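S.K.: Sharing a structure with you now.
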Amino acid sequence: MDPLQQRQQAVTRRHFFQHGAMGLGTAALSSLLPGSLQATKAIGATGSTGATGISVATGGLPTLPHFAPRAKRAIYLFMAGAPSQIDLFDYKPTMADWFDKDLPESVRMGQRLTTMTSGQKRFPLAPSKFKFSQHGNSGTWISELVPYHGRMVDDLAIVKSVYTEAINHDPAITYICTGHQLPGRASLGAWLSYGLGSLNDNLPSFVVMTATWTGRKEAQALYNRLWGSGFLASKYQGVAMRSQGDPVLYLSNPEGIDRSLRRRMLDSLARINEQTYHQYGDPETQARIAQYEMAFRMQRSVPELTDISSEPQHVLDMYGPDVHKPGTFAASCLLARRMAERDVRFVQIFHRGWDQHANIAGDLPNQCRDIDQPSWALIQDLKQRGMLDDTLVIWGGEFGRTIYCQGGLTRENYGRDHHPKCFTVWLAGGGIRPGVVYGQTDEFSYNITENPVHIHDLNATILQCLGIDHRRLSFKYQGLDVRLTGVLDQNPVAEILA
């Protein structure tokens, strides 16, 4: 929408009375008790809290949450590149007898292929070379590559039947993160910031980290649109944290500038921006003011956040030795827990290198070592602190991998191409039933045979846990009421909800 038109709509007499039904008394009370009118029901975190210990939200839409949320924050562990479901979670023992046999056409059914395998004369089947064993009360089958996952299966809801239409990385990861394969839409974290507001005045409501990895070094690029705000105001976009230098760009004052001088500079700049806003009415001007003020507060809050020297040794040991290496997945998971304690609304950790087109025997074990123990530690850490009940954790990628081999095939090594028709995601924490396995695939881990879950259904489930009816969260853009979950009849996965 044109900014001038948007401002005109925002100040019309009809709009004023429509949204001012509670009268000036409510406005006066709100000024005396800032933020308290949007108090959430979640108690006990160490974020922005009032005298009662109740976390309070600032910003957000007055109509949200639509119902009492089970989670008030979320942590998304995103395995960029697409982890192989058949080598990790989707156990297919009968495939051992199919080694090097061709994938039946009755299974493939003319499915679209990538250019990387479309020229192959045959599609030889590659059973997983890794051993599986049963874990937990449900006897869930878990690969030897992720033994710590085996220790926490009773905390997880494992969904084996997720699917997407996208078959290449960039549109696929854009699709699951923003709800559309083409760039320009708001990301999940931006929607949450826009709809629910912030629970912490001194840290962003949406923080992104990109962890280092030890698998295949050639990895797909990650673009900031994956955590961008799209058509929403820029203040809702994710703030990227770095592992070297300033944790956030330009956080330190330049040489010769102290905090008091920076404060005076910001005050002067705010006055200039206010004049600009009243002259042109561009809402992005106010967003800039808010971002400058947040950056000023972050000069104190971020160094405290990233200083892990006060963490007990047993907690550091739980995350593993890599926790001491800035930028690793282990270090990022510990920071995610510290952000959750401080009521950062949404944290997303991207771990690259899961694109195993070849050398699964060499690369996949390294990838799994990066993330297995830290993922377990994050869940246990949250649980021990009483925070898992109101923190939603999601783990997954943008699609799955094929049962057939790409390139050379031996019993000890193989590669797998992209596979959008089925892959595995797990969820844990606030709003999720623990210890369940949902959905099934055929014996080839190729087609879904039971309870398909579209990525829009997955995002609808995430929103549901946070108290949002995905059908009622929209933004008018280019004449459309745009939603994260699209326009089709998508539904939260009720069977995995607590």
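The values are calculated or read from the model by the stated rules, or taken from the named source; none is laboratory data. Computed from a prediction, not measured in an experiment: that's the story for all the values here. In this analysis, Cβ positions are derived from the backbone assuming ideal geometry, glycine residues included, and neighbour counts consider all displayed protein chains.
S.K.: Residues Y194, Y280, Y236, Y223: which one is touching a residue at least 40 places away in the same chain (Cβ under 8 Å), farther than 30 Å from I468 by Cβ and either in contact with a Ser or Thr (Cβ under 7 Å, 6 or more places away or on another chain) or not polar (S, T, N, Q) (or both)?
M.R.: Y280
S.K.: So which residues in segment 393-410 are more than 18 Å from G119 (Cα to Cα) and either surrounded by 24 or more Cβ atoms within 10 Å (Cβ to Cβ) or in contact (Cβ under 8 Å) with a residue 60 or more places away in the chain (or both)?
M.R.: Within segment 393-410, V393, I394, W395, G396, G397, E398, F399, G400 meet the criteria.
S.K.: Which one is nearest to S205 (Cα to Cα) among residues in segment 303-325 that are assigned to a loop (DSSP other than H, G, I, E, B) and not β-branched (V, I, T)?
M.R.: This residue is D307.
S.K.: Among (1) outside any loop (DSSP other than H, G, I, E, B); (2) under 18 Å from the mean Cα position of the chain (by Cα); (3) surrounded by fewer than 23 Cβ atoms within 10 Å (Cβ to Cβ); (4) aliphatic (A, V, I, L, M), there is one condition L261 misses while meeting the rest; what is its number?
M.R.: Here L261 clears every test but (2).
S.K.: List, please: which pairs have Cβ atoms under 7 Å, are six or more places apart or on different chains, and start with a residue in segment 319-334 that is touching a residue at least 24 places away in the same chain (Cβ under 8 Å) and among the hydroxyl-bearing types (S, T, Y) and end with one that is surrounded by 22 or more Cβ atoms within 10 Å (Cβ to Cβ) and not in a helix (DSSP H, G or I)?
M.R.: T328/A211; S332/M209; S332/A211; S332/I349
S.K.: Looking at segment 254-282 only, could you name the residues that are under 25 Å from G230 (Cα atoms) and in contact with a Phe, Trp or Tyr (Cβ under 8 Å, 6 or more places away or on another chain)?
M.R.: Of everything in segment 254-282, just one residue is under 25 Å from G230 (Cα atoms) and in contact with a Phe, Trp or Tyr (Cβ under 8 Å, 6 or more places away or on another chain), namely A270.
S.K.: Scan E165, E105 and give me the residue that is more than 30 Å from P492 (Cβ to Cβ) and not aliphatic (A, V, I, L, M).
M.R.: Matching residue, one of E165, E105: E105.
For (1) within 29 Å of D154 (Cβ to Cβ); (2) surrounded by 22 or more Cβ atoms within 10 Å (Cβ to Cβ), each residue gets a yes or a no:
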| residue | (1), (2) |
| --- | --- |
| E412 | no, no |
| H419 | yes, yes |
| T424 | yes, yes |
| G435 | yes, no |
| Q440 | yes, no |
| V453 | yes, yes |
| H456 | yes, yes |
| T461 | yes, yes |
| C465 | yes, yes |
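S.K.: Step by step: first the residues of segment 64-79, then only those that are in contact with a Lys or Arg (Cβ under 8 Å, 6 or more places away or on another chain) and surrounded by fewer than 23 Cβ atoms within 10 Å (Cβ to Cβ), then the one that is nearest to S375 (Cα to Cα). Which residue is that?
M.R.: Per the stated criteria, the residue is A68.
Yes/no per residue for (1) surrounded by 16 or more Cβ atoms within 10 Å (Cβ to Cβ); (2) polar (S, T, N, Q); (3) in a helix (DSSP H, G or I):
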residue	(1), (2), (3)
S268	no, yes, yes
I272	no, no, yes
A287	yes, no, yes
S301	yes, yes, yes
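S.K.: Then there's this: Determine which single condition A428 fails, assuming it passes every other condition in (1) without any contact (Cβ under 8 Å) to a residue 40 or more places away in the chain; (2) within 18 Å of the chain's Cα centre (by Cα).
M.R.: Unmet for A428, out of (1) without any contact (Cβ under 8 Å) to a residue 40 or more places away in the chain; (2) within 18 Å of the chain's Cα centre (by Cα): (1).
S.K.: Checking P183 against (1) surrounded by fewer than 15 Cβ atoms within 10 Å (Cβ to Cβ); (2) at pLDDT below 80; (3) in contact with a helix residue (DSSP H, G or I) (Cβ under 6 Å, 6 or more places away or on another chain), which test does it fail?
M.R.: Of the numbered conditions (1) surrounded by fewer than 15 Cβ atoms within 10 Å (Cβ to Cβ); (2) at pLDDT below 80; (3) in contact with a helix residue (DSSP H, G or I) (Cβ under 6 Å, 6 or more places away or on another chain), the odd one out for P183 is (2).
S.K.: To continue, here is another question. Which of the residues spanning segment 182-213 are outside any loop (DSSP other than H, G, I, E, B) and within 21 Å of D481 (Cβ to Cβ)?
M.R.: Residues satisfying the conditions are L188, G189, A190, W191, L192, S193, Y194, G195, L196.
S.K.: Pull out all pairs, ordered by first then second residue, where Cβ-Cβ is under 6 Å, the residues are six or more apart or on different chains, the first lies in segment 466-493 and is on the phi > 0 side of the Ramachandran plot, and the second is part of a loop (DSSP other than H, G, I, E, B) and among the hydrophobic types (A, V, I, L, M, F, W, C).
M.R.: G467/F67
S.K.: Among the residues in segment 108-125, are any aliphatic (A, V, I, L, M), surrounded by 16 or more Cβ atoms within 10 Å (Cβ to Cβ) and farther than 18 Å from N413 by Cβ?
M.R.: For segment 108-125, residues aliphatic (A, V, I, L, M), surrounded by 16 or more Cβ atoms within 10 Å (Cβ to Cβ) and farther than 18 Å from N413 by Cβ: present.
S.K.: Of the residues in segment 128-155, how many are of a type outside the set (G, A, S) and either outside any helix (DSSP H, G or I) or without any contact (Cβ under 8 Å) to a residue 12 or more places away in the chain (or both)?
M.R.: Counting residues in segment 128-155 that are of a type outside the set (G, A, S) and either outside any helix (DSSP H, G or I) or without any contact (Cβ under 8 Å) to a residue 12 or more places away in the chain (or both) gives 14.
S.K.: Quick check: anything in segment 323-339 crowded, with 22+ Cβ neighbours inside 10 Å, touching a strand residue (DSSP E or B) at 6+ places or on another chain (Cβ under 7 Å), under 25 Å from R216 (Cβ atoms) and among the β-branched types (V, I, T)?
M.R.: yes
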